[in-house]
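The values are calculated or read from the model by the stated rules, or taken from the named source; none is laboratory data. Please read all numbers here as calculations on a predicted model, not as lab measurements. Every residue, glycine as well, gets a Cβ built from its backbone with ideal geometry; the counts of neighbours run over all protein chains shown. SASA here: full protein model, heavy atoms, side chains in, ligands and nucleic acids out. Shrake-Rupley method; radii C 1.70, N 1.55, O 1.52, S 1.80 Å.
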Amino acid sequence: MAENQGGGGRGESAGDKAREEFFSEAQEIVDSLSRDLLALDDVCGRGGSDAELVNDVFRAVHTLKGLSGLFGAAMMSGLSHELENLLDDLRLGRIELTAPVLDLLFKSVELYGRILAAAKGDAPEPASEVKALLSALGQVSQQRGGGGNVVAQYELDPGLLGVLTEYEEHRLRTNLQSGISLYRMRVQFPLLTIDSALDDLKAKTRPHGEIITFLPTGEGGDTESVELEILVASRAPLETIRGALAGPNILIEEVRRRDVAVSVESQRTPSPQHAGTLGPVAQGSSVEQPAPSMEDLSDDAQTVSTGVSAPPAIPSAPAGPTSAGKGTAAPPGPDKGGRELTLRSVSQTVRVDIRKLDHLMNIVGELAIVRSNVARIAERVRREFGQSQLATDLHRLHRSFDRHLGQMQNGILEVRMVPLGQVFDKLARIVRQISREHDKQVNLVVTGAETEIDKLIVEELSDPLMHMIRNAIDHGIEGRDERMHVGKPPVGTIALNAFQKGNQVIIEVEDDGRGIDPAVIVASAVRHGLVPEAEAREITAKEILNLIFEPGFTTREEATALSGRGVGMDVVRTNIGRLGGVVDVSSEVGIGTKMTITLPITLAIISVLVIEVCGRTFCIPLASIEEAIAFDETQVRTFEGREVMTQRGATLPLARLGKLFELEGVRPGVWINEAAATPKPPEVRPRQKERSYVVIAAVADRRVGFVVDRLIGQQDIVIKALGKTLKKVRGFAGATELGDQRVGLVIDAASLISEVLASTTDARVVGILNPANAVEGGRA
Amino acid sequence: MKALVEQKTEGRSALQRADELGKRVEYLAFMLGPEAYAIAIGGIAEILKPLPITEVPRSDPKIVGVMSVRGRLVTVIDLKRRFNLASTFTMDQKSRILLVDVGGEPIGLLVDEVFQVFRLTDAEIEPPTVLGSEQPPYVVGIGRPPGGAVLMLLDLSPLLQSDLMD
């Protein structure tokens with residue numbers, strides 16, 4: 001039974017598996033779609049446009065359409081179809097990329113997410129919304145208008161114009177309309193090196209302008225070389241272009257306007273088929289890359305069902321340098337080798353269910369126990385049997401085992417790590433949406449998106465972060481007029497910073513809004529009965545800020561429709577706490593608010609300090625330990641019944657772990673030795689302890705010294721969640737196997753520290769210690 | 001050899017006879033203090049000898065603690081305390097832990113002693129109402145196997161499910 005469950009769905013049918021793959025692939029595409037849209041929004045906001053990004057979005061939607069068709073997701077494929085039409089119009093310049101159009105695109109990303117959730121059975125189908133969006137999309141498509149016939153004013157060979165694809169023509173028209181000069185280059189390329197030479201030329205041209213098209217001229221070449229005519233649009237004057245691109249076989253001239261406009265309308269044959277006739281040359285242009293064909297898709301379907309990852313559509317279309325604005329998460333696709341038509345997967349990635357990694361990690365944990373047993377046996381062999389040669393061999397074996405096990409453990413951990421950018425990208429979308437809803441202008445500045453953290457943590461982070469950002473926009477950032485009035489820039493800024501600090505990852509959400517007014521907080525807390533009025537006057541600034549994390553806290557007078565959604569900051573703190581992290585807040589009225597989340601890097605394997613108190617063994621995560629020092633009873637001072645000591649000039653609150661866990665005076669329970677016929681109660685430690693220790697734990701800027709009886713040592717452990725029955729017991733993050741089949745509880749330092757510090761002002765906290773747990777003396 | 005074959009046929013005919021008497025369900029009988037209980041054996045994944053159990057401070061008194069069974073964490077519940085049959089906790093060499101699955105989570109049930117498996121026919125099970133009209137829902141009947149034993153038959157899954165919920 002134990003084995004069956006760890007395997008992570010080995011028993012699923014192939015169909016289920018393919019479906020799973022479909023979901024994760026579709027999700028990936030939707031995520032990258034969202035990233036591209038954000039980049040597009042950014043470009044659009046600055047008054048520009050990025051053809052390559054529009055292409056990326058188009059390709060993503062096209063792939064989604066194919067995928068959803070394969071899996072019979074009708075709603076998704078219908079939506080994709082309409083979107084594809086819209087994007088095609090955008091691509092070809094038939095409609096303008098305006099804010100309302102972008103809104104529709106963002107809306108569809110959101111709907112994709114909900115359709116996927118619905119298909120998994122997590123949520124109802126957003127049928128009416130999809131319908132509404134479809135009709136809105138239809139309306140936009142009807143508004144398409146044509147561009148002016150500016151192309152005809154230039155001295156261009158009608159033959160050349162005739163073979164331009166609709167897309168190339170659109171690019172040409174757009175460039176000319178914005179008054180950009182057009183240059184014609186004739187370049188001789190040796191046939192042997194044409195690929196690399198063309199790449200070189202493209203790279204050299206790019207800083208100066210855009211290559212519209214290139215075609216063989218059919219003249220000037222011989223058996224070993226070919227002449228291409230290249231159209232380049234550039235703002236630079238002819239001399240600059242000549243200077244940058246000059247070469248022996250290159251002839252550059254400017255295409256001038258005609259004096260008399262001659263219509264080339266009749267010669268247009270806007271058929272994309274022509275791109276195909278150009279063969280590999282056109283493919284290499286990187287301007288138009290055909291969207292994945294049906295062959296590609298059926299190839300995907302095969303790999304899906306065999307369980308090997310199909311390449312996600314976006315990275316499989318390496319888009320050249322214009323894709324620099326995209327997210328960091330895209331795997332590096334081969335840039336040059338991908339040109340030949342191949343059925344091989346472009347990306348070498350394998351998508352893995354995180355449960356399988358958990359399973360592997362558990363096995364590593366088991367092996368770690370085997371390892372320590374081997375060490376023990378080696379020691380016994382040496383001591384008891386005097387077999388020093390054998391012992392040495394065993395030791396050597398053990399060391400090698402140890403080293404490889406460590407490598408394996410690190411390898412698995414590395415696989416679990418993903419960049420925080422995954423969640424930050426989603427947040428950027430939320431910022432855009434909320435700021436539009438509130439009619440506030442907000443600029444999100446992200447740093448450290450590449451910071452890596454455990455996949456499971458990333459998943460759990462999105463909701464709390466989203467809530468914090470909502471709060472920042474809703475309560476923090478002022479309206480435009482108010483900001484102008486107090487002399488702030490009209491556009492508000494929310495900074496999302498992430499960085500690693502030792503074994504912890506810090507995420508900051510900082511806004512330059514109006515800050516948290518302590519008076520408002522206190523008044524509100526008193527009104528909601530969270531703080532008695534008498535106490536309200538003595539409360540410290542830090543405590544006031546922490547009031548926002550109290551369940552039931554709200555500032556009604558400021559709240560809008562968004563805040564009444566029933567998710568408060570207390571939920572944020574609880575969720576972060578579940579991940580072993582803490583949230584802190586600092587704020588200055590009129591200047592801004594900063595929320596800081598401190599998280600462990602990984603949940604899977606952690607280093608702990610094994611300690612003993614009242615005969616029981618506990619583990620404290622090293623990540624939250626500052627140091628452990630010898631305990632000197634004479635150093636203890638008492639303030640209002642609370643024990644503190646001075647350490648390096650600072651006051652350190654103390655907590656006796658035995659007392660905190662109500663273990664003092666209670667005989668240790670059931671450490672049953674399996675060899676013992678009758679379990680003997682372990683000896684009760686003599687009252688006078690020879691020496692105790694203080695383990696100084698710190699999470700964020702809060703420190704508490706835990707008094708323990710003995711330090712046993714440091715160990716790397718696989719942490720396992722406690723069962724549902726024990727979930728509500730506070731103070732433990734999980735448990736682990738310590739060897740000898742013994743289970744050691746892992747202390748949740750963050751929650752214990754909060755508990756200890758909370759009890760300084762609030763004696764009621766004692767109530768959470770279950771009084772029913774006062775174990776009877778007759779135990780064991 | 002011959003004896004063995006005989007025994008086998010005899011066994012099979014006994015089985016056949018049993019089938020004629022009606023459908024039989026296998027129950028594992030165990031002791032909680034002086035009282036005999038039984039649960040359907042299909043729900044039991046494993047019967048474990050006492051392993052080291054780590055108590056969890058601040059947990060519900062009915063919970064003995066956690067133990068590791070081949071790498072999986074198992075929460076052990078003291079059935080005697082769960083049924084308020086005892087307020088103290090005892091464990092000795094006869095104690096056994098019945099491993100059951102509750103909503104995908106392994107739970108260990110600490111019992112004082114496991115004695116045997118009974119194959120009970122419908123005819124050998126009395127309805128719980130013989131003990132009075134108000135019986136807890138987890139008591140599904142009274143088993144009266146041949147030989148005079150009296151077993152309280154339990155279905156623990158609703159009980160344990162609700163334990164997990166709160």
Which length gain, in nm to one decimal place, applies between A:S49 and A:D570 when the Cα-Cα distance is subtracted from 0.36 nm times their residue separation? 183.3 nm
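Using a 10 Å cut-off on Cβ atoms, rank the peptides A:656-663, B:63-70 from the highest mean neighbour count down.
Working: A:656-663: 20.8, B:63-70: 23.0.
Highest mean packing first, the order is B:63-70, A:656-663.
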Between A:L397 and A:R242, with labels modelled 7 Å along Cα→Cβ, what's the label distance in nm to one decimal, could you check? 8.1
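Ignore the peptide's own chain and count Cβ atoms of other chains within 10 Å of each Cβ in A:728-738; give me the average, rounded. Write down the numbers at each step before the final one.
Numbers: counts 4, 6, 1, 3, 5, 0, 2, 8, 2, 6, 3.
Rounded to a whole number, the mean comes out at 4.
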Spatial separation of Cα centroids for the range B:67-145 and the range A:180-201, in angstrom: 83
Average beta-carbon neighbours from other chains, 10 Å sphere, peptide A:640-648: 0
If you stretched the chain out fully between A:H404 and A:Q389, how much longer would it get, using 0.36 nm times the residue separation minus the C-alpha to C-alpha distance? 3.1 nm
On a full-extension model of 0.36 nm per residue, what is the gain between A:I180 and A:N373, subtracting their alpha-carbon distance, rounded to one decimal in nm? 61.9 nm
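Within 10 Å of each Cβ of B:46-54, how many other protein chain Cβ atoms are there on average? Mind dumping the intermediate values first?
Values: counts 2, 0, 0, 2, 6, 7, 11, 7, 12.
Mean shielding count: 5.
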Rounded to the nearest 0.05, what FRET efficiency is calculated for B:E26 and A:I354 with R0 set to 45 Å and r the Cβ-Cβ distance? 0.70
I'd like the distance between the alpha-carbon centres of the range A:105-123 and the range A:707-729, rounded to an integer number of Å. 39
So how do A:744-755, A:705-716 stack up, highest first, on mean other-Cβ count within 10 Å? A:744-755, A:705-716
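Taking a threshold of 31 Å on the Cα-Cα distance, which of the pairs A:K120/B:K62; A:K65/A:K727; A:K204/A:K488; A:K120/A:K426 fall above it? Show your work: numbers first, answer last.
Numbers: A:K120/B:K62 38 Å; A:K65/A:K727 43 Å; A:K204/A:K488 43 Å; A:K120/A:K426 20 Å.
From the list (A:K120/B:K62; A:K65/A:K727; A:K204/A:K488; A:K120/A:K426), the Cα-Cα distance tops 31 Å for A:K120/B:K62; A:K65/A:K727; A:K204/A:K488.
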Could you give the accessible area per residue of the range B:106-155, probe 1.4 Å, as a whole number in Å²? 50
